[in-house]
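Quick note: the coordinates plus some simple rules give every number you see, no bench work behind them. None of these values were measured; they are calculated from a predicted model.
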Amino acid sequence: MVLYTSPFPNSFLSVLHSFSWGLIFPCYWLADRLVASFVPTTYEKRQRADDPCYFHALCIIITTPIYLALLVASLPFALIGFLLWSPLQSARRPYIYSRLEDKNHANGATLLTEWKAAGNGKSFCFGSANVCLLPDSLARFNNVFNTQARAKEIGQRIRNGASRPQIKIYIDSPTNTSISAASFSSLVSPQGGDNSNRTVSAGIKRTTSMEYKGDNSGSNNSEESREDKGGAGELNEGEENTCIVRINGEDNGHMSDTETDTVNGQAHASGPAEPSLEGDAEISKTPNHKQKEGDSGSLDSYSASRESLVKVRVGDGTVDQSTVNNKLLYKASIMKKTSVRKKKHTDETFDHEISAFFPANLDFLCLQEVFDKRAAEKLKEQLHHYFEYIVYDVGVYSCHGCCSFKFVNSGLLFASRYPVMDAAYHCYPNGRGMDSLASKGALFLKVQVGSTPQDQRIVGYISCTHLQAIAGDTTVRCEQLDMLQDWLSEFRKSTSSSSTANPEELVAFDVICGDLNFDNCSSEDKLEQQHSLFTHYKDPCRIGPGEDKPWAIGTLLDPEGLYDEEACTPDNLQK
């Protein structure tokens, strides 16, 4: 399957499309600014609280006639542009595939080399988020604003969080079973030989999660320097030296050989591995390879998460403590972990936490509501500092490919550190209300994550979707889930090059990510909770319909409270 690197099949159509959009854009921008001036966010209201009440009204009185006059003047040009733009959408491709050609653009982030499955396993990290990158006037109805700046900052935070090395502190204390809401930094130093007990000496100091500063900022400007910057993170696949800070109430920080062996197995997943779903944002299908209980990386393993470890280079000979301390002063996530003996008797399959950062070592990212095309370009530019492969501007416009007129695309964006082999998009034909104005649908991708010593490809399937949003449209969402399964089955058949007689590929995972717009506990979502999708895919956060794991946390945040102290920063929301 050919991957589309441009929206149109030839340069003439691309130039014609750019010309038509150039005629439309002034009218679009003026209308957006005009509406935005009448929809203030709660943040702006608080900022203006000390200003005279007439000041804002005076600004609106002055700017509104100007916007209206320019809007009326631009309407004839916009109409001509629309008459050119609309028919061109029948020739438009359903997505744009972008690959990082200039390796220097990565700003020091480690680009992956091909994984050779020669015995050691491997784990993969998935992320999914709804980023609400709508045109500014529409975004304000969700109490967010300045879409272009937010797109850039979101990209920075994702790549800085993903590229940072991460150290986790496990607290095994018989007297303190609560999870501290505060964040800590750790100073760690691996000591001891291969077969001896390890003493992990750690200095702990209280800090905020924004204190972490990395060294991969490259050409970041002064605005970017205020963000938390991720480190280059020299994580080589072949290195097995791992450091972990363990605070224990009984053994004063000493780790037995048994505990060390157990912890060191957490970074690997013997492929093909069973992946996992985080909440109802990601759903993973169990492949035909059934692993034994306790295999590293399987869903039956108690330590499959690569987030639990950090790999560091340790040279031969004595390690200078001050050098290690200077290099490893990183923000660490706080986790509570029960003893290994206790965990064997529970149904917990992996470590879980609430983090103020995006996951470290992120391999695949699925985003929703990247509707604004200028914001998508800014976001893509930032993500390319970490992800080599990106699929964006996914969807259809006008009346092409769907039943109703589509003003915006699907809002889906996919980023990967592994090469994309195939991609396909389908639009849901049954959207209702405001959702019918966007080409909401599903994006299906096949990625190559490695190969065996016998040159057998190891691949994975990832689906990214955004379902109907209106609360009462239960039947619409169920129909969309049906279509999702059918389309995914067709995609796998059409892209598979394996057969029983000639197994050219091994499937490592099959994961569904996205904004499903329902949860597993609300009574109004009973139909979705009982959908057949959950018989084919496993949600590790869920026990069954209407019942989540005890540690699963659901949130429903009122947009009016986005700028309240409890939710306005990652640290506060974490607490």
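Volume per residue of the convex hull around the Cα atoms, evaluated for the range 379-437, comes out as 87 Å³. Look at the alpha carbon pairs under 8 Å that are at least 6 residues apart: their mean separation over the length of the range 1-93 gives a relative contact order of 61 percent.
Taking only alpha carbon atoms, the range 1-93 gives an Rg to Rh ratio of 1.20, where Rh is the Kirkwood radius.
In this structure, the amide hydrogen of residue 459, modeled 1.01 Å from its nitrogen in the peptide plane, lies closer than 5 angstrom to those of 449, 506, 507, 508, counting only residues at least 5 positions away or on a different chain.
With a threshold of 31 Å on the Cα-Cα distance, the over-threshold entries among 380/526; 378/538; 122/549; 152/440 are 380/526; 378/538. Once Rg and the Kirkwood radius are both taken over the C-alpha atoms of the range 405-488, their ratio Rg/Rh works out to 1.10. Hull volume per residue, based on the alpha-carbon atoms of the range 360-407 and their convex hull, is 94 Å³.
For the range 354-502, the equivalent ellipsoid derived from the Cα gyration tensor has semi-axes of 28, 21, 14 Å, listed largest first. Note that the range 122-130 has calculated 3J(HN,Hα) couplings of 8, 10, 10, 10, 10, x, 9, 7, 9 Hz, one per residue in order, obtained from phi through the Karplus relation 6.51 cos²θ - 1.76 cosθ + 1.60 (θ = phi - 60°); glycine and proline are x. For the range 446-565, the C-alpha radius of gyration divided by 2.2 N^0.38 Å, with N the number of residues, is 1.34.
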